[in-house]
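The values are calculated or read from the model by the stated rules, or taken from the named source; none is laboratory data. Every value quoted in this text rests on a predicted model; they were computed, and no experiment measured them. Here Cβ is always computed from backbone atoms with ideal geometry, including for glycine, and neighbour counts include all displayed protein chains.
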Amino acid sequence: MNSKILDGKKLAKKIREEIAQKVIHLKNEKAIIPGIAVIILGEDPASHTYVNMKEKACKEVGFYSEIHRLQNSTKEEELLKLIEQLNHNEKIHGILVQLPLPDHINENIINAHISPFKDVDGFHPSNLGKLFLGQPSFVSCTPKGIIKLLKYYGVEIRGKHAVVIGRSNIVGKPIATLLLNEDATVTLCHSKTRDLAQYTQQADIIVSAVGKAHLINHKMIKREAIIIDAGMNRLNGSLVGDIDFHDVIEKVKLITPVPGGVGPMTITMLLENTLEAALRS
Ligand code: GUN
């Protein structure tokens, strides 16, 4: 069964070790320490957990990091002012505003205000446009990590039918675009799709980023499918993905576990993007 696992944890560890080595070189040879600023508003426990994980990962590879923990009531203009300061702060190469934001703040305005050169999340319209044009600059972390994982395990994407479930700006739309750029035939399904199984049953590669525990079972996939589970859901106190892992494992060719699949790759791609931003500075 182990041979069926796309082990994101293992690959993430390998890439993080390589990044840590590069950080040492950059410090010694150019006196540059890659720096990241993370901004989080409000008290959402899941978001705080993610931010703490990001901070820990940054420290482990030797980055400079600062976390701005702001109140939920923070005004949009205050947030824009902070971003403006960080855009001009030479110690900071990457800026990340943790999503979701409170309702009174317009996410699109915030994302567009981050310097595209410090946009390590890849959410700025200019970086999204470059991705769309097939000339990616900063690519959002989860989709980038998914492609890395597929390539590391030698999965051929060209000509395959990839079915993406979920059309978020963070995962669904950019992973569909990346797969298209890799010459897959892409079907993008979402909450209004009628008869989801009709599509997933035809998929060589399934990427699920919905946030619905055990949405996909063995009846919905074809034999030897390759499955990427970007879902993170709590079910009876444990963390599970969108795929019913134990139900599909016998039938699949390869699958990412939850936890230990896509999640560790996401944070690792944030480190990679920040290092890249520091190298370009
Ligand atoms: N919230 C959930 N995933 C992400 C992510 O990749 N980046 C940011 N900024 N917020 C998120």
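Details
- Condition met for Leu70 (in contact with a helix residue (DSSP H, G or I) (Cβ under 6 Å, 6 or more places away or on another chain), modelled with pLDDT of 95 or more and not basic (Lys, Arg)): no
- In the stretch 167-175 there is no residue matching the filter, namely being more than 16 Å from the ligand (Cβ to nearest atom) and either touching a residue at least 60 places away in the same chain (Cβ under 8 Å) or out of contact with any Leu (no Cβ under 6 Å at 6 or more places or on another chain) (or both).
- Unmet criterion (only one of (1) in a loop (DSSP other than H, G, I, E, B); (2) touching a strand residue (DSSP E or B) at 6+ places or on another chain (Cβ under 7 Å)) for Gly154: (2)
- Residue among Val207, Val258 that is outside any loop (DSSP other than H, G, I, E, B), modelled with pLDDT of 95 or more and either touching a helix residue (DSSP H, G or I) at 6+ places or on another chain (Cβ under 9 Å) or polar (S, T, N, Q) (or both): Val207
- Test: residue in the stretch 89-109 that is away from the ligand (no atom under 14 Å from the Cβ), under 18 Å from Glu276 (Cβ atoms), in contact with a Pro (Cβ under 8 Å, 6 or more places away or on another chain) and modelled with pLDDT of 95 or more: yes
- Filtered residues of the stretch 120-177 (kept if on the phi > 0 side of the Ramachandran plot and under 14 Å from the mean Cα position of the chain (by Cα)): Gly122, Gly166
- Note on the stretch 117-132: residues that are within 15 Å of the ligand (Cβ to nearest atom) and part of a loop (DSSP other than H, G, I, E, B) amount to 7.
- Residue tally, condition in a helix (DSSP H, G or I), within 18 Å of Tyr199 (Cα to Cα) and either touching a strand residue (DSSP E or B) at 6+ places or on another chain (Cβ under 8 Å) or touching a residue at least 60 places away in the same chain (Cβ under 8 Å) (or both), over the stretch 219-255: 1
- Annotation: of all residues in the stretch 170-202 being outside any helix (DSSP H, G or I) and aliphatic (A, V, I, L, M), the one that is surrounded by the most Cβ atoms within 10 Å (Cβ to Cβ) is Val171.
- Restricted to the stretch 12-104, the set of strands (runs of 3 or more DSSP E) holding at least 3 residues that are surrounded by fewer than 18 Cβ atoms within 10 Å (Cβ to Cβ) comprises 64-70.
- Within the stretch 106-129, the set of residues being without any contact (Cβ under 8 Å) to a residue 60 or more places away in the chain and closer than 23 Å to Ile228 by Cβ comprises Phe123, Asn127, Leu128.
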